[in-house]
Amino acid sequence: MSAHTPVRPHLHVAGTRFGGAAVRLALPALVVGAGAGLAAVVFRWLIEHATLVFSGHADYAATTGHPANPWVPWLGAGFVVLAPAVGGLLYGPLIQRFAREARGHGVPEVMFAVARRGGRIRGTVALVKALASAICIGSGGSVGREGPIIQIGSALGSTIGRWMRMPEVRLKTLVACGAAGGISATFNAPIAGVFFALELLLRDFTPTSFGAVVIASVTAALIGRAAFGDTAFLHLPSIGAITPPEYLLFALLGLLAGAIGIGFTRVLYLIEDLCDLGWKATRGPEWLRPVVGGLLLGLVLLALPQAYGVGYPVLEGGVAGKYAIGFLLVLIVGKVLATSLTLGIGGSGGVFAPSLFVGAMTGAAFGEVVAAVDPSMRGQVGAFAVVGMGAVFAGSTRAPITAGIMLFELTGDYALILPVFVAIVIATAISKVLSRDTIYTLKLSRRGVDLTDSAAAVRGTATAGEAARPLRTVLPTTATAAEALATLEAAGGGALVVVDAEGRFAGTVSARSIGDAVLGDERLAERTVADVVAEVTPVDAGTPLSDVLTDVVDAVETSGLPVVDAERRPVGWLGQTEALRALAPA
């Protein structure tokens with residue numbers, strides 16, 4: 001080809017919405033998923049060894065008879081009074097000095113980072129959260145390991161995304177990938193991990209985000225299975241056939257579970273407020289708070305050792321029908337109190353597992369009552385316990401899809417699908433009636449942060465045409481390349497929209513497209529814009545902004561995309577700044 005041969009560059013900037021962006025996110029999502037899976041393995045190892053150090057047992061909640069710690073046998077059962085205080089002496093200064101956002105259950109901080117900080121989470125948080133939560137749980141803190149691994153994985157995703165200089169939209173997706181990977185590897189529930197990230201963090205089900213999160217979740221699950229085996233983290237009994245009349249009982253359980261989920265939330269923050277008031281009265285340093293509060297938690301554990309740590313063995317015992325109804329009620333109250341106190345004193349751990357624990361005991365107690373009325377229902381206590389797990393979790397978090405899918409992955413029991421969804425839908429509805437906030441969002445609402453006024457809300461109504469800025473200059477196809485360059489220079493660079501004789505969109509021109517076409521051509525003044533136009537796929541003005549956001553971000557060379565009406569007449573330009581401004585909360 002001679003230097004004088006006309007050239008028409010073909011730049012498919014927008015392209016297929018799913019293809020381009022998904023391919024670009026595939027490798028980062030894979031890396032984040034692998035990192036989250038490995039982090040979950042390391043984090044569980046840390047918890048196991050911290051528990052051995054502080055209690056002398058693999059899982060103190062699974063012991064019987066309140067045994068002494070073999071490291072300090074002379075303390076007898078009373079070592080549990082001191083264990084949380086000693087643990088607080090270690091993780092309190094660690095959190096206060098290096099990452100105060102590692103205090104608490106973690107998920108609200110991730111939600112805030114996604115909604116208001118563009119997905120930016122400090123990498124230090126991952127390390128501090130892992131150490132602090134492992135010490136807290138190992139020393140008796142009655143919290144879960146899932147909330148911390150969500151924050152750890154999210155911090156990892158954010159760090160990798162920022163290192164790769166990802167735009168905010170992709171950075172948020174990588175944060176969700178980290179959260180999904182953590183859930184997937186910890187629960188051995190890759191599908192639940194995907195929907196947790198989409199339902200609670202991104203609140204977004206676009207093909208691009210879905211594909212990336214799936215890649216991360218599956219990768220993390222494979223790593224988790226290699227380390228822990230291809231089994232569920234809980235051993236739940238198989239459920240027999242459910243008869244139609246029993247669905248009324250599961251619906252009633254959903255009503256009860258929704259109320260208990262909100263009750264758990266209220267008690268959690270009430271005790272946190274009381275702890276705040278009490279500590280302010282002492283005027284002591286914040287790092288010392290877990291030490292003093294740990295003594296109070298230790299007294300609770302002395303009375304109810306089953307509340308020590310995560311407590312999954314106790315949960316399994318409740319589902320298996322090993323406890324009488326009176327003790328089930330004690331476990332519900334004790335777990336709520338112990339979890340609330342752990343977080344109120346400044347501990348680090350999640351509320352995911354405690355909500356499953358409370359739900360299982362609630363369902364088992366409900367099943368015992370039903371069996372007392374109708375002895376033929378004795379064999380269904382396990383079914384009520386499993387359904388109660390999902391219903392209380394859904395009532396407290398308002399994540400019904402995650403709850404339903406997670407329980408199905410844990411049990412693999414098709415007979416349980418309909419009862420579970422009946423209960424969790426009702427529990428979610430009751431939760432909405434009783435409270436505006438969930439166990440996660442209430443923490444942010446108390447700080448004055450309203451996540452309902454976020455990008456997710458705007459995405460549902462804003463269109464590309466509404467967000468686009470008006471066009472100041474358009475070029476006809478008959479303009480010369482030299483005129484186009486002069487116009488571009490006057491406009492400050494970027495790209496210009498080209499229209500045909502009838503005013504319809506014909507493409508765009510940029511300094512690069514003109515330069516590529518006329519490089520070495522001395523007849524620049526004779527070349528028309530039609531010879532150097534770049535073929536760019538425009539955006540329809542009525543398209544929801546959320547559907548084209550990824551395309552706009554991917555249009556790096558032109559820093560945006562042209563917007564056209566139904567007749568392909570240009571009506572504006574949707575730049576990255578305009579798109580993000582439209583999605584930003586007021």
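General remarks:
- Checking each residue of the stretch 513-521 against the condition of being surrounded by fewer than 17 Cβ atoms within 10 Å (Cβ to Cβ), modelled with pLDDT of 70 or more and over 14 Å from residue 579 (Cα atoms) gives no match.
- Helices (runs of 4 or more DSSP H) (entirely within the stretch 271-358) containing at least 1 residues that are out of contact with any strand residue (DSSP E or B) (no Cβ under 9 Å at 6 or more places or on another chain) and under 21 Å from residue 391 (Cα atoms): 312-319, 325-344
- Listed conditions (1) more than 29 Å from residue 90 (Cα to Cα); (2) crowded, with 24+ Cβ neighbours inside 10 Å; (3) among the charged types (D, E, K, R) are all met by residue 168, apart from (2).
- Comparison of 315, 270, 296, 248 shows that the only residue that is under 27 Å from the mean Cα position of the chain (by Cα) and open to solvent by 50 Å² or more (accessible area, probe 1.4 Å) is 270.
- Residue match in the stretch 400-407 (condition: over 17 Å from residue 355 (Cβ atoms) and polar (S, T, N, Q)): no
- Flag not set for residue 231, criterion: buried (at least 23 other Cβ atoms within 10 Å of the Cβ) and either at pLDDT below 85 or part of a helix (DSSP H, G or I) (or both).
- Taken over the stretch 372-388, the residue count meeting the criterion of being modelled with pLDDT of 90 or more, small (Gly, Ala, Ser) and open to solvent by less than 10 Å² (accessible area, probe 1.4 Å) is 2.
- Some residue of the stretch 120-131 being within 14 Å of the chain's Cα centre (by Cα) and at positive phi: no
- Scan of the stretch 457-477 for residues that are more than 27 Å from the chain's Cα centre (by Cα) and modelled with pLDDT under 70, ordered by number: none
- Tally of residues being open to solvent by 10 Å² or more (accessible area, probe 1.4 Å) and free of Cβ contacts under 8 Å to residues at least 24 places away in the same chain across the stretch 53-84: 14
- Residues in the stretch 112-141 that are open to solvent by 10 Å² or more (accessible area, probe 1.4 Å) and within 25 Å of residue 310 (Cα to Cα): 124, 126, 127, 130, 131, 135.
The values are calculated or read from the model by the stated rules, or taken from the named source; none is laboratory data. Keep in mind that this is a model prediction, so the values were computed, not measured. Don't worry about glycine lacking a Cβ; one is built from the backbone with ideal geometry, like all the others, and counts go over all protein chains shown. These accessible areas exclude ligands, DNA and RNA; they are computed on the full protein's heavy atoms, side chains included. Shrake-Rupley method; radii C 1.70, N 1.55, O 1.52, S 1.80 Å.
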